[in-house]
Amino acid sequence: MTSQSQGIQQLLQAEKRAKDKLEEAKKRKGKRLKQAKEEATAEIDHYRLHREKNFRHKQNNIMGSQGNLSTKIDEETATKIRDLTSNYRNNTESMMGHLLDKVYDINPEIHTNYSYTI
């Protein structure tokens with residue numbers, strides 16, 4: 001019987017060792033998964049920062065050129081306003097003279113469509 005109980009004891013001990021090895025393997029697997037998740041998160045963060053940096057660079061290039069375009073448009077507008085103002089000042093007298101000549105020069109005539117009936 002002793003040999004039988006020794007065999008059972010050996011089986012129980014082998015079962016316990018196998019159980020311990022399984023638990024240890026599960027812990028290692030969990031640890032590896034956690035580490036892989038952390039590495040993936042770090043890689044994603046690095047990629048995101050890289051893409052944001054590229055985006056900001058491109059945005060600054062585009063907005064910078066738009067800012068230059070805006071400045072150029074403002075300068076052209078100011079130039080046109082100056083030209084129009086100078087043209088107005090130069091032509092005001094002559095235009096007022098023409099307009100007043102037309103207003104004061106009255107030629108009373110009967111319109112051709114008017115028919116006088118008695």
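Would you confirm whether or not the range 95-104 contains a residue that is part of a helix (DSSP H, G or I), of a type in the set (G, A, S) and more than 28 Å from the chain's Cα centre (by Cα)?
Yes, because at least one residue in the range 95-104 is part of a helix (DSSP H, G or I), of a type in the set (G, A, S) and more than 28 Å from the chain's Cα centre (by Cα).
Please work out if T71 is modelled with pLDDT under 90 and exposed (fewer than 10 other Cβ atoms within 10 Å of the Cβ).
Here the answer is no, as T71 does not meet what is asked.
Restricting the search to the range 36-68, which residues are modelled with pLDDT of 90 or more and either among the β-branched types (V, I, T) or on the phi > 0 side of the Ramachandran plot (or both)?
Residues satisfying the conditions are T41, I44.
Between K21, K102, which is loosely packed, with under 10 Cβ neighbours inside 10 Å and either free of Cβ contacts under 8 Å to residues at least 12 places away in the same chain or not aliphatic (A, V, I, L, M) (or both)?
K102
The values are calculated or read from the model by the stated rules, or taken from the named source; none is laboratory data. All values reported here derive from a predicted model rather than from experimental measurement. Positions of Cβ are generated from backbone atoms using ideal geometry, with glycine treated the same way; all protein chains shown enter the neighbour counts.
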